[in-house]
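These notes concern the structure reproduced below.
Every read-out reported here was derived from the displayed coordinates using simple, explicitly stated rules and does not represent laboratory data. Source: prediction; values computed, not measured. Quick reminder, even Gly has a Cβ in these numbers, built from the backbone with ideal geometry, and neighbours come from all protein chains shown.
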Amino acid sequence: MLRLVDEKVNAPNLVPDKPILVISDLQLPYEHKNALQFCYSLRQRFDIPDENILNVGDEIDNFHGSAYPKDPDAPDSAVNEFALVRSKVDMWRRKFPIMKLAISNHGLRWVKKASEAAIPSHVLKAYNEIFKLPEGWVHKEEWRFSTGLKMPFRMIHGMGYSGILGHRNAALDGQISTIMGHLHSHAGVNWIQTNGGARMWSCNSGSLIDNDAFAFKYEKYNRIKPQIGCVVIFDYGRCPVFFPL
Ligand SMILES: [Fe+2]
């Protein structure tokens, strides 16, 4: 069985009285050239512990795993891309050995392709093995945090949502404060007060991609460009803030 998550792995709990770093879509190896330094400087500045490092997913691009036609001018082959990703993962692992990640569409690209070709998961390599991910990086469909927090929240990647209201709709659907990535151009925070008395925040973490990389050529003529940055959540889960790079 091909799994992105070993359900037996218990990720460490958040440290509730410390800020929480939420790393946005990196899409390695096509991340912004200052992404690692930026995330690490936020971590140092706010004294964020290993347990409080979250990642909304799409941490790897898997350009060649997509179903879209491939750019004939693409400088990287699929095999070359794997090697590049492994070297980038190694750099990130040194600064962030522990990470809680959301399962995401880019992470599932090769799985989807194999499934469409009727290749059973039993004969495939696991995602963590392909990219030599550290043991401390744990993937889940959805992460929920509540212990010791003033405001419980969840993290998902955001598949199934679109547009400027994507994160807002995700919070309403979950009836809990929600942070997600996936939609690169709509970073920000909204507060919601429902008719039933519930109060929650919703947050889109933006992205940390290199917008000039060939992998994002498809976005060239989009009116609104990706917003580059990530999020730190302060005050026991109550105050998410978007930090632009
Ligand atoms: Fe995504």
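Between Leu101, Leu172, Leu21, the residue with the greatest mean-square fluctuation in the GNM of the chain (Cα pairs under 10 Å linked by springs) is Leu172.
As I understand it, the value is the acute angle between the Cα axis of helix 78-95 and the longest principal axis of the Cα atoms of the chain; what does it come to in degrees, rounded to 10? Roughly 30 degrees between the two axes. Rounded to the nearest 20, the Cβ-based charge dipole of the chain about its Cα centre (Lys and Arg +1, Asp and Glu -1) stands at 320 debye. In the chain, the calculated helix contribution to ellipticity at 222 nm averages -6000 deg cm²/dmol per residue, counting -39,500 (n - 2.57) for every DSSP H run with n ≥ 4.
Relative to the dominant Cα principal axis of the chain, helix 35-45 is inclined by about 30°. For region 129-196, the list of trypsin sites (Lys or Arg not before Pro) that fall in a loop by DSSP and count at most 16 other C-beta atoms within 10 angstrom reads Lys132, Lys150. Placing pseudo-labels 7 Å out from each Cα toward the beta carbon at Thr194 and Lys225 gives an inter-label distance of 3.8 nm. Treating r as the C-beta distance of Asp212 and Gln44 and R0 as 30 Å, the FRET efficiency rounds to 0.65.
Within the listed set His122, His139, His157, the residue fluctuating most in the Gaussian network model of the chain (springs between alpha-carbon atoms under 10 angstrom) is His122.
Amide H contacts under 5 Å for Cys239: Phe234, restricted to partners 5 or more places along the chain or on a different chain, H placed in the peptide plane at 1.01 Å from N. Per the Debye formula on identical point scatterers at the alpha carbon atoms of region 37-122, with no solvent, log10 I(q)/I(0) at q = 0.14, 0.23, 0.24 Å⁻¹ is -0.64, -1.19, -1.23. Taking the empirical scaling 2.2 N^0.38 Å for compact globular proteins as reference, region 62-183 has a Cα radius of gyration ratio of 1.23. Most fluctuating residue of Ile156, Ile192, Ile179 in a GNM of the chain with Cα springs under 10 Å: which is it? Top of the fluctuation ranking is Ile192. Starting from the Cα of Asp71, step 7 Å toward the Cβ, then list every residue of region 198-214 with an amide N under 17 Å from that point. It comes to 208-214, nothing else. Within straight-line reach of Lys132, meaning a Cα separation under 30 Å, sit the following lysines at least 8 residues removed in sequence or on another chain: Lys8, Lys18, Lys33, Lys70, Lys88, Lys95, Lys100, Lys112, Lys113, Lys140, Lys217. Rounded to the nearest Å, what's the spacing between the alpha carbon centres of region 212-245 and region 12-66? Just the number, please. Distance between centres, Cα-based: 12 Å. The slack between Gln175 and Ala126, meaning 0.36 nm per residue of separation minus the straight C-alpha distance, is 14.3 nm.
Across all C-alpha atoms in the chain, the radius of gyration and Dmax reach 17.5, 54 Å.
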